[in-house]
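A short worksheet on the structure shown next.
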Amino acid sequence: MDNIELEFTKMVREYKQTIYTVCYFFSKNTDEINDLYQEVLINLWRGFEKFRGESSLKTWVWRVSLNSCYNQERKKKRSVQTIPLSVNIDLYKDTDVESKQIQLLYDRISRLDVFDRAIVLLWLENMTYQEIANIVGISLSNVTSRLFRIKEQLKSMSNH
């Protein structure tokens, strides 16, 4: 392996959980998550040599991951919708109150538009508002107002 491949492999090892988290946030279907993960890796590889360090590597990986998943989501909406044939029964699923609350929150978040979901994901990952602004490409004040609006929207949603 040459130096670029070694550096890329190191980066993927370091940020694989971040990439997977973003992919999982865009889909709960295992096959789709794997496809998204592959798409993110391809886009990271394509841009790796061009990365100039104008932002942190962490910010760049988040941005490429979110953009890749967002673009796939847009493509999916333009194509014919299919219904996966799988039985989603999880006999070991947590049934405690806290787990149910978390599931309700994620169900509500999944009803937000893609851009707002990305902002919430970054916020849930304890990113600063400035880091969120850098990753999604909006101003700091826009992040603040969007998060306030998103929180209000989540509070007003029903649990259906």
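The values are calculated or read from the model by the stated rules, or taken from the named source; none is laboratory data. Keep in mind it's a predicted model, so treat the numbers as computed, not measured. Reconstructed Cβ throughout: ideal geometry from the backbone, glycine too, with neighbour counts over all protein chains shown.
Looking at the range 29-67 only, could you name the residues that are surrounded by 13 or more Cβ atoms within 10 Å (Cβ to Cβ), more than 18 Å from the chain's Cα centre (by Cα) and without any contact (Cβ under 8 Å) to a residue 12 or more places away in the chain?
PHE51
Within the set of pairs 6+ apart or on separate chains, which have a first residue in the range 112-124 that is without any contact (Cβ under 8 Å) to a residue 40 or more places away in the chain, a second that is assigned to a helix (DSSP H, G or I) and of a type outside the set (A, V, I, L, M, F, W, C), and C-beta atoms under 8 Å apart?
Correct list of pairs: ASP116/ARG146; ASP116/GLN153; ILE119/ARG146.
Quick one: in the range 5-28, which of the residues that are of a type in the set (A, V, I, L, M) and touching a Phe, Trp or Tyr at 6+ places or on another chain (Cβ under 8 Å) is surrounded by the fewest Cβ atoms within 10 Å (Cβ to Cβ)? Let's see the steps before the verdict.
Pass one, the range 5-28, residues of a type in the set (A, V, I, L, M): 6, 11-12, 19, 22.
Keeping just the survivors that are touching a Phe, Trp or Tyr at 6+ places or on another chain (Cβ under 8 Å) gives 11, 19, 22.
Details: MET11: 18, ILE19: 21, VAL22: 27.
Residue satisfying both the conditions and the ranking: MET11.
I'd like the full set of residues that are part of a helix (DSSP H, G or I) and hydrophobic (A, V, I, L, M, F, W, C), limited to the range 39-58.
First, pick out the residues of the range 39-58 that are part of a helix (DSSP H, G or I): 39-48, 57-58.
Passing the criteria: VAL40, LEU41, ILE42, LEU44, TRP45, PHE48, LEU57.
Among the residues that make up the range 76-92, is at least one of them at pLDDT 75 or above, of a type outside the set (Ser, Thr, Tyr) and surrounded by fewer than 17 Cβ atoms within 10 Å (Cβ to Cβ)?
Here is the first cut: in the range 76-92, the ones at pLDDT 75 or above are 76.
Filter once more, keeping what is of a type outside the set (Ser, Thr, Tyr): 76.
Those still in the list that are surrounded by fewer than 17 Cβ atoms within 10 Å (Cβ to Cβ) too: 76.
Looking through the range 76-92, at least one residue is at pLDDT 75 or above, of a type outside the set (Ser, Thr, Tyr) and surrounded by fewer than 17 Cβ atoms within 10 Å (Cβ to Cβ).
Is there any pair linking a residue in the range 144-160 that is in the same structural domain as THR128 (by TED's automatic domain parsing) to one that is modelled with pLDDT under 95 and assigned to a loop (DSSP other than H, G, I, E, B), with Cβ under 8 Å and at least six apart or on different chains, and which?
What qualifies is ARG146/ILE138; ILE150/LEU112; GLN153/LEU112; LEU154/LEU112; MET157/ARG111.
Out of all the residues in the range 29-48, which are closer than 12 Å to GLN72 by Cα and among the charged types (D, E, K, R)?
GLU32, ASP35, GLU39, listed by residue number.
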